[in-house]
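Below is one structure, written out as structure tokens; comments come after it.
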Amino acid sequence: MVFNGINNQKVEFTLIPFDPHAFELMTGIKVTDDFEHYDVGFNLVIGDRNMHASIFISDVKRMVDWFEAFSLNKSVDSTLSVYHGQLCFNLLKNDVPAKHIRIINDGSVSIPGCGGYSGNLEEIVKMYFVECELNNWQLQKIALELKSELHYSFKKD
């Protein structure tokens, strides 16, 4: 899904379909029918950053709930923080015709259980953000696309 920002900026956030064969090769764990998933892969493109990682399913569900409630003009927290605090959605203005949000990816927030950084540290810890103006229809579309991508991520062949 693409968040079109102000000043021709954009954020691309895409859930990656789960591949049981690749999972087995990487972990040695054979996926059975009763295997419980707790995370899903995602790709995030923001600014000059193009990253692949995994996000908790519960975080994706929180995103869906936040955007759905927001689209229905319900009260929402002013900040939704997911992916261990590295990905945040900040409510800047909540007007009826259009809502303004800032999407932030802050690489300086450490992720529990991850060791030191490898690669260009200056680039890794950089913060990127994009501001978006979205109407209720666009917010509802984001929630629906997230639901659809989450469902498709675990669809069995």
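In square angstrom, rounded to the nearest 10, how much accessible surface does residue 52 have for a 1.4 Å probe?
Here the accessible area works out near 130 Å².
Quick one: if the Förster radius is 30 Å, what FRET efficiency do residue 75 and residue 45 give, using the C-beta to C-beta distance and rounding to 0.05?
Working from the Cβ atoms, E equals 0.45.
Residue 102 accessible area, nearest 10 Å², 1.4 Å probe?
Approximately 70 Å² of residue 102 is accessible to the 1.4 Å probe.
Using only the heavy atoms of the protein chains and a 1.4 Å probe, how would 66, 137 rank by accessible area, largest first?
These residues rank, largest area first, as 137, 66.
Tally Lys and Arg at +1 and Asp and Glu at -1 over the other residues with C-beta under 13 Å from the C-beta of residue 101: what net charge comes out?
Charge balance in the 13 Å sphere: -1.
The values are calculated or read from the model by the stated rules, or taken from the named source; none is laboratory data. These numbers come from a predicted model, not from an experiment. Methodologically, a virtual Cβ is constructed for each residue, glycine included, from the backbone with ideal geometry; neighbour enumeration extends over all protein chains shown. With ligands, DNA and RNA removed, areas are computed over all heavy atoms of the protein, side chains included. Shrake-Rupley method; radii C 1.70, N 1.55, O 1.52, S 1.80 Å.
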